[in-house]
Amino acid sequence: MKIIEIDKKKFKISDNKIFILEQPNPNEIYIKTSFLINVKLQNEDFYNYLQEIKQSSRISKKNILSEYTKFSVKKELEIKNEKNDCLLFAERISLNNPNYDKKASVFSVFMGKKSKKFGTSDSDNSYIARQLRNHKLKSDPQHNYQVNPNIGDAYSMIPYNIPTDGKMCPYHAASVIFKDNNTNITLEADAGIKTNKPIFDMYSVDDQEYSFYKSHMNTYLQHKLDKDSTVKTELLPTVLHLEKSYKPKIENNETKSKTTNTQTRVSLRRSSRLNKTMKKSPSPVISIKENIMC
């Protein structure tokens, strides 16, 4: 993918020019008209939640956008009262079910011969990130840049130490809806923007500059100081590949306390895509005297 300019506006364009996103924070996506059938076949259930937006008749035939059809999401996928819940939104997109709100985790992270559910608790999420950091990243330093979820899977970014003071989101999640070669197209909840519509984005898996990691790293970057408070060390976040592993339970097992499910989700789902209020705050500085996860 790369950045292009159209009529003095910046756009992201995917590898084979199938998808275009106006910058920044687009609520709409341009899909090359001649590839609409191919795109629909990639993820037909999600494609049915897109609605076409009529483009201006003033667009010149010389303008590249004249070759594209413009879409937004239908009202069912608009974000209502869970603006901070990017994981719940990612789960709904992965399942193509805008009403999903169950306690069960939709995603798992596979670590060699074992896997672990993602989103059940901050401590479990920390454990997953720590295992990848201590093993995968040592053998594959490029892992964070090259995470490549399938359609229906998701990205997630976890800070080195999940904060408890509310000054930083504990993670971010984004589901992949389409692909164009080495470009992944996502749809994400964004608590930092005053809109009830989710944000389209695209990330490269072969160009570090446009990777998911590079796009969100600064938001989740932390530091620690040495004993003399003179040397500051960067604590880098970790990117996870969240694989869709959800299997619906039989109806009898699903009719558990609705209150318990709601309370659990409120306590665990505290993330946002790129909260601008949080971004303005300095990165947390963690004393080396504290218990630093490793």
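No lab work stands behind these numbers, since they all come straight from the coordinates. Treat the numbers as computed from the prediction; the structure is a model and nothing was measured. Note: ideal-geometry Cβ built from the backbone for every residue, glycine included; neighbour counts use all protein chains shown.
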Among 141-147, 88-94, the order from most to least packed when residues are scored by Cβ within 10 Å on average: 88-94, 141-147
Pull out the extension gain between D228 and K138, defined as 0.36 nm times the separation in residues minus the alpha carbon to alpha carbon distance; nm, one decimal. 29.5 nm
So for segment 173-227, using the alpha carbon gyration tensor with a ≥ b ≥ c as root eigenvalues (a/c under 1.5 gives rounded; past that, a/b versus b/c decides prolate or oblate), I'd call it oblate
T195-K114 pseudo-label distance in nm [points 7 Å out on the Cα-to-Cβ vector]: 4.2 nm
Rounded, prolate or oblate for segment 50-200? Axes are the square roots of the Cα gyration tensor eigenvalues, ordered a ≥ b ≥ c, and the cut-off for rounded is a/c under 1.5. prolate
Suppose every Lys and Arg Cβ carries +1 and every Asp and Glu Cβ carries -1, with no other charges. What dipole size does segment 133-211 come out with about its Cα centre, to the nearest 20 debye? 300 debye
Where labels lie 7 Å past Cα in the beta-carbon direction, separation of R58 and T33 in nm: 2.0 nm
Using the Kirkwood radius over Cα pairs of segment 20-122, the Stokes-Einstein translational diffusion coefficient at 20 °C and 1.002 mPa s, in µm²/s and rounded to a whole number, is 131 µm²/s
For the table K54/K103; K74/K179; K74/K116; K10/K102; K70/K138; K194/K247, the rows whose alpha-carbon distance is greater than 31 Å are K54/K103; K74/K116; K10/K102; K70/K138; K194/K247
Using the alpha-carbon centroid of each, what span in Å lies between segment 189-249 and segment 134-174? 6 Å
Would you kindly state how much longer the chain becomes between N97 and R130 on full extension, computed as 0.36 nm times their sequence separation minus their alpha carbon distance, in nm to one decimal? 8.8 nm
